[in-house]
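**Student:** Just dropping this structure here.
The values are calculated or read from the model by the stated rules, or taken from the named source; none is laboratory data. In this text the structure is predicted, and so the values were computed from the model without any measurement. No Cβ is skipped: glycine too gets one built from the backbone with ideal geometry, and neighbour counts run over all protein chains shown.
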Amino acid sequence: MVSIVGIGAFMAYKNKKSGGAESGSFAFAGGGLPASLVGITLALTLLGSAHNWGTCQNAASMGVIAAWFGIACVIMMVVITQITGPWIRRTGAKTIGDFLNKVFGKVPGTMISCVNAALSIAMVCLEVETIAITLSFLTGWSYMISAIVGGILAMLYVLLAGMKEIAWLNLLNAILMYAALIVVFICLCFKLPGGWDQVEATMTASADTSWMTSIFGNKALIIGFAIPSALGATMFHGMAQTGYQPVATAKNNHEVKKSLWFAGPINGLFCIIPALIGVAAFSILAYRNAGSMMMTPAMLLDLLPKPVIALLAAGFLGVDLSSFAVMALAPATLISHDMYTLYKPNATEKQKSTLSRVIIIIIGIVSIAICNFQPAVVDMVNWCFSFGIPVFIMGVIGLWWKRSTKASVITFIITWIVVCIWSTFGLQNALGWANFHVNYISLIVALIVGVISTAVLPGKKGLFAGKRA
């Protein structure tokens, strides 16, 4: 709380003194951040509920392979920092909607701004869910009270100074979260009944659970979880405001590419220890009755000293607050820069910043209300990812082959309808194809419809066609 208010107030004062609020500082930090802050912000922005409590929850049903979500995110970081981020910056776009306006025209750009905003808000709800779990774990408060307090803290995290505050707070959080995980792991070596050897012995004693100790899990999970997680994370964030917002704050493309050395390791390695902790909780029968989401917090509360619990909660809270911040700032930026300007083309940066702050407050309030439904975090995240896959496919086609407004709109709409029929309305289960992930369906439909419609419909030459990548 002290760091949020202190750093936020200081950065807001600096922005006001230098006129930063008038030059895009709130949403884009003035476009002057170095590789270290860009990389750390990118890492922590896309490191949230799915990495900490979400991975613990997943590990309780699939074992150590749950850590593959982190591996998927390393691939995502490579694509964002080395490929799509620099591409989008070359167009001069500040938002994904603006980028698609330049490639395909206003209709696809506005469509994606709306969908991106909605999906980002959905993921904000997941961050509030895990913030509430962390606060409840730390204080003993009810889930609802924890959600309200956590939502207020999360809004403060970003409201005071915007991207600059997020970047500097993330620097502190990166240190805190890894220190917390390492301390917890060491403590569990001494506090687990029988130690980690007993966890392994319990899990390998039965053929039903022995595969859960392998990083490769089983064939079904490689096909149904590991590969589609990498596809979804890479293609969604590769051309979504959530992945591009930190990239847009960099001084130049050279800093963006260097940021991989910070973003990749910080984000990708984080899932390993939560996956191990989740398996440890599952191995102790007494905690299974708490359910997949709460069994790990229940075990940690029983086994760890209070100072270690406080350290872990602070680390996890920092992770979720960081993700909330940019997940909320991304739709606020899309609405204030892409949609509001349709109504008021001459809006000043100050007006856009004010509107962004109002939208963040609205998103926070809505998220506090919705998070009470407590969906499975990683499943929900992967479902959101499936809506971004056609955007990635058509973005690449529009840059390097051919730009057809009609083809892009057709591809987006058909793919989204198929995704809803397959996943939301239950066709996947009706056919008995539970292991055929929705991200595969989205990729197949987007490729087929995107390539065919682009080939047969009129359009312009790709924006970068004939140029060097």
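**Student:** Taking the condition surrounded by fewer than 16 Cβ atoms within 10 Å (Cβ to Cβ), farther than 17 Å from L119 by Cα and not assigned by TED's automatic domain parsing to the domain that holds M76, does G398 pass?
**Tutor:** So G398 fails the test.
**Student:** From the set of residues in segment 37-73 that are hydroxyl-bearing (S, T, Y) and in contact with a helix residue (DSSP H, G or I) (Cβ under 6 Å, 6 or more places away or on another chain), which is nearest to S259 (Cα to Cα)?
**Tutor:** By that ranking, first place goes to T41.
**Student:** If you don't mind, there's one more thing I want to ask. Would you check which residues across segment 413-469 are within 19 Å of L399 (Cβ to Cβ), more than 28 Å from the chain's Cα centre (by Cα) and exposed (fewer than 15 other Cβ atoms within 10 Å of the Cβ) and list them?
**Tutor:** I452, A455, L457, P458, K460, K461, A465, G466, K467, R468
**Student:** Could you tell me whether segment 115-136 includes any residue that is of a type in the set (S, T, N, Q), modelled with pLDDT under 85 and closer than 20 Å to I361 by Cβ?
**Tutor:** Within segment 115-136, one or more residues are of a type in the set (S, T, N, Q), modelled with pLDDT under 85 and closer than 20 Å to I361 by Cβ.
**Student:** Consider segment 375-418. How many of its residues are at pLDDT below 85 and polar (S, T, N, Q)?
**Tutor:** 1
The rows are residues; the columns are (1) of a type in the set (A, V, I, L, M, F, W, C); (2) at pLDDT 90 or above.
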| position | (1), (2) |
| --- | --- |
| E200 | no, yes |
| D208 | no, no |
| S214 | no, yes |
| I222 | yes, yes |
| F236 | yes, yes |
| Q245 | no, no |
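**Student:** Looking only at helices (runs of 4 or more DSSP H) that lie completely in segment 1-98, which have at least 1 residues being modelled with pLDDT under 85 and within 20 Å of the chain's Cα centre (by Cα)? Step through it out loud before you land on a result.
**Tutor:** Values: elements: 2-18, 25-28, 35-45, 53-62, 68-79, 85-90.
The helices (runs of 4 or more DSSP H) meeting that bar are 25-28, 35-45, 53-62.
**Student:** Let me ask something else. Can you confirm whether I365 is of a type in the set (A, V, I, L, M, F, W, C), modelled with pLDDT under 95 and over 26 Å from A332 (Cα atoms)?
**Tutor:** Spelling it out, it is not the case that I365 is of a type in the set (A, V, I, L, M, F, W, C), modelled with pLDDT under 95 and over 26 Å from A332 (Cα atoms).
**Student:** What number goes with the only condition from (1) surrounded by fewer than 22 Cβ atoms within 10 Å (Cβ to Cβ); (2) at pLDDT below 90; (3) touching a Leu at 6+ places or on another chain (Cβ under 9 Å); (4) of a type in the set (V, I, T) that I370 does not pass?
**Tutor:** That leaves (3) as the condition not met.
**Student:** Another one. What residue, of V445, V409, V358, is touching a residue at least 60 places away in the same chain (Cβ under 8 Å) and β-branched (V, I, T)?
**Tutor:** Of the residues listed, the single one that is touching a residue at least 60 places away in the same chain (Cβ under 8 Å) and β-branched (V, I, T) is V409.
**Student:** Which condition does M155 not pass, out of (1) over 25 Å from L300 (Cβ atoms); (2) buried (at least 21 other Cβ atoms within 10 Å of the Cβ); (3) at pLDDT below 85, if it passes all the others?
**Tutor:** Failed condition: (3).
**Student:** Same structure again: Residue under question is L427, and the condition is that it be without any contact (Cβ under 8 Å) to a residue 12 or more places away in the chain and in contact with a helix residue (DSSP H, G or I) (Cβ under 7 Å, 6 or more places away or on another chain); does it hold?
**Tutor:** Yes: the conditions hold for L427.
**Student:** Also, quick follow-up: Looking at segment 258-301, which of its residues are under 14 Å from L33 (Cβ atoms) and among the basic types (K, R)?
**Tutor:** Answer for segment 258-301, where residues must be under 14 Å from L33 (Cβ atoms) and among the basic types (K, R): just K258.
**Student:** Within segment 102-117, take every residue that is more than 24 Å from the chain's Cα centre (by Cα) and either among the basic types (K, R) or within 12 Å of R403 (Cβ to Cβ) (or both) and give me the one that is surrounded by the most Cβ atoms within 10 Å (Cβ to Cβ).
**Tutor:** For segment 102-117, the residue satisfying everything is F104.
**Student:** I would also like to ask the following. Scanning for something in the same structural domain as V115 (by TED's automatic domain parsing), closer than 19 Å to P331 by Cβ, in contact with a Gly (Cβ under 9 Å, 6 or more places away or on another chain) and buried (at least 24 other Cβ atoms within 10 Å of the Cβ), does segment 354-362 turn up at least one residue?
**Tutor:** Kept after step one, since they are in the same structural domain as V115 (by TED's automatic domain parsing), are these residues of segment 354-362: 354-362.
Filter once more, keeping what is closer than 19 Å to P331 by Cβ: 354-362.
Checking which are in contact with a Gly (Cβ under 9 Å, 6 or more places away or on another chain) leaves us with 356-357.
Now narrow it down to the ones that are buried (at least 24 other Cβ atoms within 10 Å of the Cβ): 356.
The answer is yes; a qualifying residue exists.
**Student:** Sort out which residues of segment 399-440 are outside any helix (DSSP H, G or I) and either touching a Cys at 6+ places or on another chain (Cβ under 9 Å) or closer than 30 Å to K219 by Cβ (or both), and write them in order of number.
**Tutor:** Step one: list which residues in segment 399-440 are outside any helix (DSSP H, G or I), which gives 401-404, 425-426, 431-437.
F425, G426, L431, G432, W433, A434, N435, F436, H437 - these are the residues of segment 399-440 that are outside any helix (DSSP H, G or I) and either touching a Cys at 6+ places or on another chain (Cβ under 9 Å) or closer than 30 Å to K219 by Cβ (or both).
**Student:** Considering (1) touching a helix residue (DSSP H, G or I) at 6+ places or on another chain (Cβ under 6 Å); (2) more than 19 Å from S120 (Cα to Cα); (3) modelled with pLDDT under 90, say which one I421 fails and leave the rest.
**Tutor:** Of the numbered conditions (1) touching a helix residue (DSSP H, G or I) at 6+ places or on another chain (Cβ under 6 Å); (2) more than 19 Å from S120 (Cα to Cα); (3) modelled with pLDDT under 90, the odd one out for I421 is (3).
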